[in-house]
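Structure, as structure tokens:
The values are calculated or read from the model by the stated rules, or taken from the named source; none is laboratory data. Since the model is a prediction, treat every value here as computed from it, not as a measurement. Cβ coordinates were reconstructed from backbone atoms using ideal geometry, including for glycine residues, and neighbour counts include every protein chain displayed. Remember, those area values only see protein heavy atoms, side chains included, never the ligands or the DNA or RNA. Shrake-Rupley method; radii C 1.70, N 1.55, O 1.52, S 1.80 Å.
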Amino acid sequence: MMFEKPFPFGAPVSEKDILERENFLQQVVLRLADGQHLMISGPRRIGKTSIALEAVRRLNEKGFYTAVVDLFSIKDMQEFSLSLLDACLENRTGIKKTTEAIQSGLKKISGNVKLSLKISDLELGLNFSNPGQANADYVLDFAEKLAQKDQKNMLLVFDEFQEMSRIGGDLIFKRLRSHFQLHKNVVYMFLGSKGGIMNTLFGHGEEAFYRFAAILPVPPIPVESWVPYMKKKYEDRGIAGTEKLYEKIVDLSGGHPQDTMVLCSEIYYAAVEAGVHKLSLDIVQYGYHNAILTLASVFNAMIDEINQVPLALRILNQIAQGKSLYSREHNPNENKRAVDFLLKRGIIEKNAHGRYAFVEPMFRDYLAKDSNNE
């Protein structure tokens, strides 16, 4: 029996927990099914991967082959090649690490004769006796060759695509484009958490992936969608609340998908610990305190990254306090570099009034709390 968290966070969520994204999902699936490559960028933990995996599920139902490669923890081109091969071969074998099974002589896999038959016709230039030495150019065309051979369309998703420069060097994007642009049976979906880098890669004329994919922004989740979701989730667990309190929760979290889920979860457990079946402002505030503690490790990692750029943390504190970002004592160019860094990392954004605001209000409050403790 699978666990069912009251408010899931920390990993991609199922379709029922993807709020106010149905129209967006339908648009994504329609475009991919028509063969249009897509790029979706945004800060980490806003639901990009959940959206992509739901698109994968829906296209699987339409008969597509699908493959997902998460580049975040891949260290080099050899590991990338094996990950890409495994993701593609899973459509044939049903095994997540087919290349590992091949390298170990299939000893740990039952029905190895059946598995051998499933891959025996795929020796199109790959030495299956030692796939770790796969030719990278061959691997980059493998999805297309597999799709052609099986007369399938394939969706290939690259998560954290901006990491390819770390994995394969500065020229890797040109190399990838030279292969991908020739593929007729594979549609690509590129996800990235560093919006500035992704938008440059796909939006600037001098970059390799310029106009290769349509750029789709992830829509925010409005308050009016959060409120009925929270109401049902709490009531399913025997806890009542008011619309005003649910709106207060969204106000505290800024509607950030992961932060809101963390906050709702901590409020739920605060109510359970207190033995109450009706939410109150005190329970919400206590849950908020616990949510900040839960998110502290995430926020501290963000601060460590921010501290590597001169003035960036000062800029953030100025934004949090509603003060001017510029002062006579600091070089304007350094201020601009710090602001650009924060924008590219998705930590701040420009609001409708042309001012800067935190993407995560809870991170703003965490910084303010730390400043007050100094």
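Quick check on the range 164-175: of everything there that is of a type in the set (A, V, I, L, M) and under 21 Å from the mean Cα position of the chain (by Cα), which residue is surrounded by the most Cβ atoms within 10 Å (Cβ to Cβ)?
Kept after step one, since they are of a type in the set (A, V, I, L, M), are these residues of the range 164-175: 164, 167, 171-172.
With under 21 Å from the mean Cα position of the chain (by Cα) added as a condition, the list becomes 164, 167.
Numbers: Met164: 21, Ile167: 15.
Result: Met164.
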Practice task
Scan the range 268-284 and give yes if some residue there is over 29 Å from the mean Cα position of the chain (by Cα) and touching a residue at least 40 places away in the same chain (Cβ under 8 Å), otherwise no.
Solution key: yes
Practice task
Residue by residue through the range 65-88, note down the ones that are open to solvent by less than 20 Å² (accessible area, probe 1.4 Å) and either free of Cβ contacts under 8 Å to residues at least 40 places away in the same chain or of a type in the set (Phe, Trp, Tyr) (or both).
Solution key: Phe80, Asp86
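Just to be sure before I move on: is Val250 outside any helix (DSSP H, G or I) and in contact (Cβ under 8 Å) with a residue 24 or more places away in the chain in the structure I sent? Let's see the steps before the verdict.
Working: outside any helix (DSSP H, G or I): no; in contact (Cβ under 8 Å) with a residue 24 or more places away in the chain: yes.
Taking the combined requirement at face value, the residue does not satisfy it.
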Fill in the blank from the handout: Within the range 176-209, the count of residues that are assigned to a helix (DSSP H, G or I), open to solvent by 40 Å² or more (accessible area, probe 1.4 Å) and at pLDDT 95 or above comes to 2
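Mind listing whichever residues of the range 47-64 are in a loop (DSSP other than H, G, I, E, B) and either at positive phi or surrounded by 18 or more Cβ atoms within 10 Å (Cβ to Cβ) (or both)? Before the answer, list the steps.
Step one: filter the range 47-64 for residues in a loop (DSSP other than H, G, I, E, B), giving 47, 62-64.
Gly47, Gly63, Phe64, listed by residue number.
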Problem - Any chance Val359 is β-branched (Val, Ile, Thr), at pLDDT 85 or above and in contact with a helix residue (DSSP H, G or I) (Cβ under 7 Å, 6 or more places away or on another chain) - result: no
Problem - Given (1) in contact with a Phe, Trp or Tyr (Cβ under 7 Å, 6 or more places away or on another chain); (2) part of a helix (DSSP H, G or I); (3) at pLDDT 90 or above, index of the condition Glu90 fails - result: (1)
Exercise for the section: May I ask you to say which residue of Val218, Val262, Val223, Val250 is among the β-branched types (Val, Ile, Thr) and over 22 Å from Ile292 (Cα atoms)? Expected result: Val218
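Is it fair to say Gln318 is open to solvent by 10 Å² or more (accessible area, probe 1.4 Å) and modelled with pLDDT under 95?
Values: open to solvent by 10 Å² or more (accessible area, probe 1.4 Å): yes; modelled with pLDDT under 95: yes.
Taking the combined requirement at face value, the residue satisfies it.
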Exercise for the section: Evaluate the range 197-204: report whether one residue or more is of a type in the set (Gly, Ala, Ser) and touching a residue at least 12 places away in the same chain (Cβ under 8 Å). Expected result: yes
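Select from the range 321-353 the residues that are in contact with a strand residue (DSSP E or B) (Cβ under 9 Å, 6 or more places away or on another chain) and open to solvent by 40 Å² or more (accessible area, probe 1.4 Å) and list them in ascending order.
So the first thing to find is which residues in the range 321-353 are in contact with a strand residue (DSSP E or B) (Cβ under 9 Å, 6 or more places away or on another chain), and the list is 325, 339, 342-343, 346-351.
Passing the criteria: Leu343, Glu349, Lys350, Asn351.
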Handout entry: Any hit, the range 274-297, residues being open to solvent by 40 Å² or more (accessible area, probe 1.4 Å), of a type in the set (Phe, Trp, Tyr) and modelled with pLDDT under 90
Key = no
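Return the total of residues in the range 235-247 being in a helix (DSSP H, G or I) and more than 22 Å from Met362 (Cα to Cα). If you could, list the steps in order and put the result at the bottom.
Keep residues of the range 235-247 that are in a helix (DSSP H, G or I), which gives 235-236, 243-247.
From what's left, more than 22 Å from Met362 (Cα to Cα): 235-236.
Result for the range 235-247: 2.
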